[in-house]
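Worksheet for the structure shown next.
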Amino acid sequence: MESAGSAPAESAALIKSEMTSMTNSRPKPDKLLVDIARYVSRKAVGGAAARRLARYCLMDALGCAFQALGTPDCMKLLGPVVPGTIVPHGARVPGTSFELDPVAAAFAISCLLRWHDFNDLWRVGGHPSDNIGAILATADYLSRTRVAAGGKPLAMRDVITAMIKAYEVQGILSEGHTFNRPEIGIDSIILVKLASTAVVAHMLGAGRDEIINALSNAVVDGHPLNLYRTHAGAGARKSWAAADAASRAVWLALMAVRGEMGYPSALTARTWGFQDVIYRGQPVDLPRPLGSYVMENVTFKIFPAQRHAQTAAECALRLHSHVKSRLDEIERIELRTHELALRMTTTTGPLLNFAARDHCLQYIVAVALLDGDISPSSYDDARASDPRIDELRARIVVAEEKRYTRDYRDPAKRSNCNSLRVFFKDGSRTPREESEYALGNPARRRDGLPLVEKKFRANLARGFAPKRQSLVAALLGDQRSLEKTPVNEFMDMLVW
């Protein structure tokens with residue numbers, strides 16, 4: 001049995017040991033910080049394929065932002081911190097009249113594009129386009145201040161390059177590190193903060209040492225808990241958490257270029273560093289060299305549903321015509337999925353808000369079967385009040401298909417398979433629908449990219465007059481013209 005004084009004694013011994021080993025010599029920067037700083041300082045990354053996909057990612061993210069403009073809960077979060085504040089040469093926010101400092105603009109743009117959780121995603125989790133708010137806000141602010149001083153603005157090619165870099169840093173780190181797993185419990189938007197901080201610092205003119213300083217402060221920063229993405233704790237913060245990370249990144253980068261010091265051993269310092277305090281003593285490193293891999297393999301969301309539910313939604317939509325006139329005859333609905341989807345997205349009991357609904361596999365399948373469609377409004381309280389949804393949810397039997405789990409975990413396949421079949425009370429049944437890869441997956445680019453364009457045009461029509469729609473769509477459809485366009489002129493086109 002432990003003595004009453006053992007814990008204080010151990011603590012005192014630890015403090016004494018640390019005091020004995022204290023030194024005033026500054027450690028060398030952690031390797032990860034150096035590697036990221038070197039990468040984001042490169043003048044060019046990615047070839048034609050990566051730049052083309054970046055254009056589609058920008059198009060898709062802006063469409064998601066336009067879609068969120070009609071959502072009061074999102075709009076109430078936007079604007080200057082102090083109402084009425086005017087910022088000279090402020091960054092524009094698409095679809096609004098705001099002219100904000102780059103920190104507030106990064107929050108606003110990121111909040112809009114992420115609100116409905118409809119923006120692109122990475123195969124192991126996270127949304128790389130969460131970085132776009134920080135990049136656009138900074139690029140626009142820099143361009144307007146330079147023009148006001150008689151200088152030259154940034155071009156959209158600079159934005160495209162910054163996107164490729166930010167996608168790569170976030171995505172490659174996420175391939176080796178799952179910070180939101182239960183034993184760690186912090187939100188994966190920490191990777192948005194790291195990626196955006198590094199890229200924005202470089203955009204602001206930071207050298208290698210200043211980028212490392214900015215990154216180290218991002219590591220030292222407090223990191224939000226994953227609570228608001230869990231079944232019981234799901235809430236609206238999951239829609240603005242990335243905006244918080246993006247705006248924080250811009251702020252930290254601005255501090256670094258003003259000369260704020262960094263903490264070179266932020267990751268590896270014994271006892272007090274990130275690895276010991278948060279990551280259970282494990283190293284944080286890059287599982288592969290940084291290039292343009294993530295941008296070239298990004299997945300688009302064709303349906304507004306959690307990433308593991310994308311193929312389930314597609315299967316349910318295919319079966320809509322088989323069940324729409326036989327809803328009362330349904331005995332059960334068999335849904336087969338992989339282990340991670342089973343663990344993360346299968347939910348029973350009440351779903352109290354949109355954040356819980358769009359991460360519930362059974363809810364998504366039920367609505368798709370009922371409506372033959374799924375949209376952001378499918379998760380509204382009004383739609384959720386339909387008693388038929390919960391009736392169908394109760395009849396859905398979800399089970400793991402071992403083959404799907406193996407293929408999901410296989411780095412060579414990375415599938416995200418779901419299958420669905422509906423059984424009726426008279427013994428008849430529908431065909432078994434199976435989808436291995438989501439429509440927005442790289443394996444289905446030929447089918448998916450036209451749907452990304454269609455999604456963008458539909459969102460563009462929400463607020464723009466027909467002539468402006470044509471101008472914006474034409475520019476985003478032309479790689480060469482887009483990349484030559486000054487950032488400030490591009491952002492002016494998006495103001496309503």
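No value in this document is a laboratory result; all are computed from the given coordinates. A quick note: this is a predicted structure, and the numbers were derived from the prediction, not measured. Don't worry about glycine lacking a Cβ; one is built from the backbone with ideal geometry, like all the others, and counts go over all protein chains shown.
Once backbone amide H atoms are built at 1.01 Å from N, Ala155 has Val487 as its partners under 5 Å, excluding neighbours fewer than 5 places away on the same chain. For a straight C-alpha distance cut-off of 17 angstrom, the lysines reachable from Lys455 (same-chain residues fewer than eight places away being disregarded) are Lys301.
For the range 57-203, the Kirkwood hydrodynamic radius from C-alpha pairs, put into Stokes-Einstein at 20 °C and a viscosity of 1.002 mPa s, yields a diffusion coefficient of 136 µm² per second. Between the beta carbons of Arg237 and Thr348, assuming R0 = 22 Å, the FRET efficiency works out to 0.45 to the nearest 0.05.
Please report the net charge: other residues with Cβ closer than 12 Å to the Cβ of Asn226, K and R +1, D and E -1. List each step's numbers first, then the result.
Working: positive: Arg181, Arg229, Arg237, Lys238; negative: Glu183, Asp187.
Charge balance near Asn226 sits at +2.
3J(HN,Hα) couplings calculated from phi for the range 364-378 with the Karplus curve 6.51 cos²θ - 1.76 cosθ + 1.60 (θ = phi - 60°) are, in sequence order, 4, 5, 4, 5, 5, 5, 6, 9, x, 7, 8, 9, x, 6, 5 Hz; Gly and Pro show x.
For the range 378-432, rounded, prolate or oblate, judged on the Cα gyration tensor with a ≥ b ≥ c (square roots of eigenvalues), a/c < 1.5 rounded, else prolate if a/b > b/c? Oblate is the answer for the range 378-432, as a/c is 1.5 or above yet b/c matches or exceeds a/b. With distances taken between every two different alpha-carbon atoms, the range 307-438 has a Kirkwood hydrodynamic radius of 14.7 Å. The Stokes-Einstein estimate for the chain, based on a Kirkwood radius over Cα pairs and taken at 20 °C with 1.002 mPa s viscosity, is a diffusion coefficient of 90 µm²/s.
Take every Cα pair under 8 Å whose residues are at least 6 apart in sequence, average their separation, divide by the length of the range 307-438, and the relative contact order is 41 percent.
Among Leu142, Phe274, Gly427, which residue has its Cα furthest toward the positive end of the charge dipole of the chain, with +1 on Lys/Arg Cβ and -1 on Asp/Glu Cβ? The Cα lying farthest towards the positive end belongs to Leu142. With 31 Å as the limit, the listed pairs Lys76/Lys484; Lys43/Lys193; Lys238/Lys413 have Lys76/Lys484 beyond it between alpha carbons. Taken one residue at a time, the phi angles of the range 283-296 give Karplus couplings (6.51, -1.76, 1.60, θ = phi - 60°) of x, 9, 8, 9, x, 7, x, 7, x, 9, 4, 5, 4, 6 Hz. Gly and Pro are set to x.
Does the range 31-296 come out rounded, prolate or oblate, given a ≥ b ≥ c as the square roots of the eigenvalues of its C-alpha gyration tensor, rounded meaning a/c under 1.5 and, failing that, prolate meaning a/b above b/c?
rounded
Since only Ala198, Ala68, Ala236 are under comparison, the one whose Cα sits farthest along the positive direction of the charge dipole of the chain, derived from C-beta charges on Lys, Arg, Asp and Glu, is Ala198.
With Cβ to Cβ distances under 14 Å as the rule, what net charge do the other residues near Ala50 carry (K, R +1; D, E -1)?
+3
Partners of Lys324 within straight-line reach, counting lysines whose Cα lies under 19 Å from its Cα and excluding those fewer than 8 residues away in the same chain: Lys425. Using DSSP loop states and a limit of at most 16 other Cβ atoms within 10 Å to flag trypsin sites (Lys or Arg not before Pro), what is the longest stretch of the chain containing no flagged site? Counting at most 16 other Cβ atoms within 10 Å as exposed, the longest clean stretch of the chain is 77-257. Antiparallel beta bridges, as assigned by DSSP with both residues in the chain, represent about 75 percent of the total such bridges. Taking amide H positions as modeled 1.01 Å from N, with prolines and chain starts lacking one, the residues under 5 Å from Ala438 and 5 or more places away or on another chain are Asn416. In this Cβ point-charge picture (+1 for Lys and Arg, -1 for Asp and Glu), the chain has a dipole of about 1220 debye about its Cα centre. Compactness check for the range 395-496: Cα Rg over 2.2 N^0.38 Å is 1.66. Seen from Tyr363, the other residues with C-beta closer than 14 Å to its C-beta sum to a net charge of -3, counting Lys and Arg as +1 and Asp and Glu as -1.
Here the Karplus curve 6.51 cos²θ - 1.76 cosθ + 1.60, taken at θ = phi - 60°, turns the phi angles of the range 68-82 into couplings of 6, 4, x, 10, x, 5, 7, 4, 5, 8, 8, x, x, 4, 9 Hz, with x standing for Gly and Pro. The order of Val472, Val495, Val220, going from fewest to most other C-beta atoms within 10 Å of their C-beta, is Val495, Val220, Val472.
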